[in-house]
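First up is the structure itself, then whatever we jot down about it.
The values are calculated or read from the model by the stated rules, or taken from the named source; none is laboratory data. For clarity, every value in this text was computed on a predicted model and none was experimentally measured. Positions of Cβ are backbone-derived with ideal geometry, glycine not excepted, and every protein chain shown enters the neighbour counts. The protein model used for the area step is the full one, side chains on, heavy atoms only, and it has no ligands, DNA or RNA in it. Shrake-Rupley method; radii C 1.70, N 1.55, O 1.52, S 1.80 Å.
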Amino acid sequence: MKDRVISLDTGSTWTKGALWSLDGGKPELKSYFRTPTTTANLADGALSVASHLCSVSREDYIKNHTGIPVFWTSSAKGGLAIAVVGLVPDLSVELGRLAAWGSGGRITKVWPWVLTNQHMDEIIASKPDIILLTGGTDGGHEKNVIHNARIIGESTYDASVIYAGNSYIASEVEKLLETKRCTVVPNLMPDLGTINEVPCQLAIRQEFLDNIVEGRGLLQLVDVFGRKPLPTPSAMLNLVTTINEKCPDFGDFTLIDMGGATTDVYSICPAQSDDSVILRGITEPLIKRSVEGDLGMRVSARSLWEVIVKSMKSATGLPSLEQLKEWTEHVLENTELLPVTHTEGDLDRILAVSALWHSVARHSGRIEQVWTSNGKVGVQRGKDLRKIAKVVLTGGWLARFSNKNFWSQAREIFGCFENDKEILIPEKPDVFTDAEYLWPLFAPLVGEIPMVEQAALKALIKR
Amino acid sequence: MGNINIVLGVIGFDCHSVGNKILEHFFTEKGYSVHNLGVMVSQEEFINAAIETAAPIIMVSSLYGHGEIDCAGLREKCIEKGLEDILLYVGGNLVVGKTPLEQVESKFRKMGYDRVFGPDADLEAVDSILRVDLKEKGFSL
């Protein structure tokens with residue numbers, strides 16, 4: 001009986017779930033319920049949500065499965081922790097970062113060139129679930145990559161390794177890593193500067209499914225729901241990809257998913273929007289995800305404040321910095337706090353605007369104008385988001401975000417130039433909010449039931 | 001093993017792209033794996049590309065007369081990055097005005113370039129020289 005389904009997301013501040021009816025073909029929201037995530041045992045909160053949605057007691061839910069399929073996601077352990085080891089910072093290392101982000105990961109440590117035992121200790125201390133080892137084009141560099149594999153192989157590191165470097169030495173690398181759980185996938189950079197991220201992302205996702213769902217009650221949930229979870233960001237990426245494939249009318253867009261600790265940015269557009277500029281460095285993928293671990297509304301409020309102070313060009317529309325500082329310290333102590341007074345609302349709004357701007361600015365590329373014998377030429381690095389016409393906001397704070405002019409406000413406060421380089425941030429986007437905060441609950445349904453993408457777009461409100 | 005990798009590009013703020021495309025086609029036809037970085041390439045980009053691809057040779061073009069400034073220091077940077085054995089070829093309109101090729105050659109040789117070519121170099125001859133140089137470095141072709 002698949003006329004109703006449940007989707008559920010656990011692991012972040014709130015565990016939330018929705019019951020959907022499928023009568024009209026596409027998912028229609030029947031009820032919604034959320035509860036604070038029970039971090040010690042995720043099953044507690046998740047089972048309360050599921051039983052509440054089915055209007056039965058928890059015990060009954062566990063005992064007599066209601067027959068309503070549950071598709072669920074988890075960002076357990078604060079996401080999938082990945083350390084990237086590669087060769088050249090601008091090439092294989094950068095592609096490693098993009099691939100890690102693009103598969104829903106959070107990066108704990110990055111090392112280029114040559115690993116030493118001391119670096120390896122630092123990587124182990126950063127507690128990654130996966131080390132992503134890259135380096136060398138196919139038929140290219142071997143020496144340092146083999147050395148790095150040896151250092152990892154001989155270390156006490158006991159989680160998994162994914163090798164996505166020079167495929168000509170894959171069997172040698174695999175041998176050096178035989179004491180570890182090692183997966184070899186096709187090279188992330190088979191040819192110079194080109195990215196082949198899909199096999200690597202699939203391997204990271206598989207690793208999550210096979211080995212990372214063990215802790216904190218997740219196994220019980222797998223048992224009760226009869227299905228493994230997807231990593232939350234990876235499901236969101238599925239949703240974004242499906243919208244891009246199946247709803248071409250919506251066009252290029254940027255999605256910003258902001259939480260208490262991190263801000264995730266997804267862009268769906270070609271790397272270059274202006275053919276007259278020269279693109280240097282790697283060509284970034286059509287669908288790019290980035291994660292900013294220091295930009296968030298609560299847990300990361302202090303680092304966000306530091307970024308604001310360092311980068312502001314104008315104080316127009318800003319409350320006093322002292323007041324802002326006090327507010328960030330206050331919310332850091334009480335991470336579940338919501339603004340009550342008008343002033344608190346303003347302060348929180350400034351935090352949100354700043355985190356939005358900086359997360360998108362870091363995600364975006366830069367253009368520098370240089371003089372040549374043929375006149376002035378723009379040299380671009382990274383991805384050009386200027387022509388993106390739509391920005392979609394989701395996450396607890398952004399769902400309620402109704403400030404129509406925030407983009408131009410942020411532009412005024414922070415400016416579009418960084419050391420004479422233009423930041424290729426969306427110029428004049430229309431802003432859409434996921435006002436009922438449903439996108440994380442549409443995401444687990446992608447590929448399971450039809451027309452999720454249309455329903456997700458319909459849920460957006462244009463500001 | 002695969003083909004020999006060549007890293008190719010036009011250095012500095014130079015956007016002349018025609019000769020660059022010809023070189024890419026020519027050396028690809030000759031059986032090399034050509035990694036063409038295109039125009040306006042910095043020294044760092046040449047070096048990074050050579051590291052990732054393990055190319056035994058970097059071919060630097062310069063057409064706009066600023067070659068001397070743009071090309072200086074590449075050899076030293078290669079040594080710093082562990083590419084002390086890499087072959088460096090340079091060609092094009094390397095200096096402003098009509099300086100005899102011998103003078104240009106001696107200047108660029110001093111800067112650490114193994115081979116120096118003028119704007120009208122015969123590519124077949126360049127390939128023959130390259131094969132000799134690669135053989136000397138221990139590469140079998």
Original post:
Which distance in Å, rounded to a whole number, links the C-alpha centroids of segment A:341-365 and segment A:44-84?
Top reply: 32 Å
**OP:** Compute the accessible area per residue over segment A:234-462, keeping the other protein chains in place, probe 1.4 Å, unit Å².
**Re:** 41 Å²
**OP:** For the protein assembly as shown, divide the Cα radius of gyration by the Kirkwood radius and give the resulting Rg/Rh value with two decimals.
**Re:** 1.02
**OP:** Note every residue of segment B:1-28 with a reduction of at least 30 square angstrom in accessible area, all protein chains present versus the isolated chain, computed with a 1.4 Å probe, or write none.
**Re:** B:Met1, B:Phe13, B:Cys15
**OP:** Enumerate by residue number the GluC sites (Glu not before Pro) in segment B:35-141 meeting two conditions: DSSP loop (anything except H, G, I, E, B), and at most 11 other Cβ atoms within 10 Å of the site's Cβ.
**Re:** B:Glu84
**OP:** Quick one: accessible surface of A:Asp420, probe radius 1.4 Å, all protein chains present, in square angstrom to the nearest 10.
**Re:** 130 Å²
Subject >> Inter-site label distance for A:Thr335 and A:Ser276 at 7 Å from Cα along Cβ, in nm >> reply: 4.9 nm
Original post:
How many percent of DSSP beta bridges within segment A:4-74 run antiparallel, rounded to 5?
Top reply: 75 percent
Original post:
What number, rounded to the nearest 500 deg cm²/dmol, is the helix-based mean residue ellipticity at 222 nm of chain A, given -39500 (n - 2.57) per DSSP H run of at least four residues and division by all its residues?
Top reply: -10000 deg cm²/dmol
**OP:** Count neighbours as other Cβ atoms within 10 Å of each site's Cβ, and list the GluC sites (Glu not before Pro) in segment A:184-266 that are DSSP loop with at most 12 such neighbours.
**Re:** A:Glu214
Subject >> Estimated dipole of segment A:78-210 in Debye, rounded to 20 [Cβ of Lys and Arg +1, of Asp and Glu -1, Cα centre] >> reply: 220 debye
**OP:** Quote to one decimal, in nm, the extra length available between A:Lys246 and A:Lys376 on full extension: 0.36 nm per residue of separation minus the C-alpha distance between them.
**Re:** 42.8 nm
Original post:
Percent of accessible area on chain B owned by carbon and sulfur, 1.4 Å probe?
Top reply: 54 percent
Subject >> chain A: relative contact order in percent, alpha carbon pairs under 8 Å with at least 6 residues between >> reply: 14 percent
Original post:
What is the dipole size for segment A:311-463, taken about its Cα centre, with +1 at each Lys and Arg Cβ and -1 at each Asp and Glu Cβ, in debye to the nearest 20?
Top reply: 840 debye
**OP:** Provide the solvent-accessible area of A:His65, counting protein heavy atoms only and rolling a 1.4 Å probe, rounded to the nearest 10 Å².
**Re:** 80 Å²
Original post:
Cβ under 13 Å from A:Val452's Cβ, A:Val452 left aside: what net charge do those residues give with Lys, Arg +1 and Asp, Glu -1?
Top reply: -1
Subject >> Simple Cβ-charge dipole of chain A, Lys/Arg +1 and Asp/Glu -1, about Cα centre, in debye nearest 20 >> reply: 540 debye
Original post:
How about segment A:345-443: which chymotrypsin sites (Phe, Trp or Tyr not before Pro) there lie in a loop by DSSP and see at most 13 other Cβ atoms within 10 Å?
Top reply: none
Original post:
Chain pair A, B: how much accessible area is buried, both chains summed, with a 1.4 Å probe, in Å² to 100?
Top reply: 1800 Å²
Original post:
Which entries in the list A:Lys16/A:Lys63; A:Lys228/A:Lys404; A:Lys310/A:Lys404; A:Lys109/A:Lys458 go over 28 Å, if you measure between the two C-alpha atoms of each?
Top reply: A:Lys228/A:Lys404; A:Lys109/A:Lys458
Subject >> Extended-chain gain in nm, criterion 0.36 nm per residue less alpha-carbon gap, A:Thr116 and A:Asp158 >> reply: 13.4 nm
Original post:
Considering the dipole of the protein assembly as shown built from charges on the beta carbon (Lys and Arg +1, Asp and Glu -1) around the Cα centre, which of B:Ala54, A:Ile130, A:Thr66 is farthest to its positive end?
Top reply: A:Thr66
**OP:** Treating cross-link reach as a plain straight distance, find the lysines whose alpha-carbon is under 21 Å from the alpha-carbon of B:Lys30, omitting any fewer than eight places away in the same chain.
**Re:** B:Lys21, B:Lys135, B:Lys137
**OP:** Roll a 1.4 angstrom probe over the protein heavy atoms and tell me the percent of accessible area of segment A:78-210 that is carbon or sulfur.
**Re:** 49 percent
Original post:
Hey, what number do you get for chain B at 222 nm if only DSSP H runs of n ≥ 4 count, each worth -39500 (n - 2.57), divided across all residues, to the nearest 500?
Top reply: -12000 deg cm²/dmol
Original post:
Over chain B, what relative contact order in percent results from Cα pairs under 8 Å that are six or more residues apart?
Top reply: 22 percent
**OP:** Give me the percent of the accessible area of segment A:234-462 that comes from carbon and sulfur atoms, probe 1.4 Å, all protein chains in place.
**Re:** 49 percent
**OP:** For segment A:234-462, calculate the relative contact order in percent as a whole number, restricting contacts to Cα pairs under 8 Å that are 6 or more residues apart.
**Re:** 26 percent
Subject >> Share, in percent, of DSSP beta bridges within the protein assembly as shown that are antiparallel, nearest 5 >> reply: 40 percent
Original post:
How much net charge surrounds B:Ser128 when only other residues with a Cβ under 14 Å from its Cβ are counted (Lys, Arg +1; Asp, Glu -1)?
Top reply: -1
**OP:** With a 1.4 Å probe on protein heavy atoms only, tell me which residues of segment A:77-116 lose at least 20 Å² of accessible surface in the complex relative to the chain by itself.
**Re:** A:Val88, A:Leu91, A:Trp113
**OP:** Rank these by accessible area, largest first, 1.4 Å probe: B:Thr28, A:Thr179.
**Re:** A:Thr179, B:Thr28
